1. From the phi of every residue in the range 51-64, what ³J(HN,Hα) in whole Hz does the Karplus formula 6.51 cos²θ - 1.76 cosθ + 1.60 yield, where θ is phi - 60° and glycine or proline is x?
2. Size of the dipole of the range 10-63 about the Cα centre, Lys and Arg at +1 and Asp and Glu at -1 on the beta carbon, nothing else charged, in debye to 20?
3. If you take the charge dipole of the range 10-63 about its Cα centre, with +1 on Lys and Arg Cβ and -1 on Asp and Glu Cβ, which of Cys49, Pro31, Leu62 is farthest toward its positive end?
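Values quoted throughout were computed directly from the atomic coordinates according to the rules given, and no laboratory measurement underlies them. This structure is a prediction, so every number in the text was calculated from the model and none was measured. FYI the Cβ positions are ideal-geometry reconstructions off the backbone, even for glycines, and counts take in every protein chain you see.
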Amino acid sequence: MAKAKQAGQSFEAALKRLEEVLDSLEHGELPLEEAMKAFEEGVRLVRFCHQKLDEVERRVDLLLKEEGGRFFTRPFPEEEGESGS
């Protein structure tokens with residue numbers, strides 16, 4: 001049932017649910033069985049989000065294909081306020 005639910009789920013909805021699951025696990029107030037179920041759901045959600053991000057990356061690569069058929073990559077510009085140090 002969880003897989004069927006994820007199939008139509010958006011990345012944003014999955015990420016929001018993952019944040020909720022993490023929050024419930026971080027507080028440590030769940031009984032062991034519920035914590036284990038929440039952890040399993042979290043792992044499924046992480047995999048789902050990672051898969052969606054991979055799909056988007058492939059789509060971006062296709063959009064960056066040159067007219068001659070060659071691919072080129074360009075790093076995303078860093079957002080203001082971000083620094084590597």
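1. Karplus-based 3J(HN,Hα) across the range 51-64 equals 4, 4, 5, 4, 4, 5, 4, 5, 5, 5, 4, 5, 5, 8 Hz.
2. Values: 8 positive and 14 negative charges, 66 e Å.
About 320 debye.
3. Looking along the dipole axis, the top candidate is Leu62.
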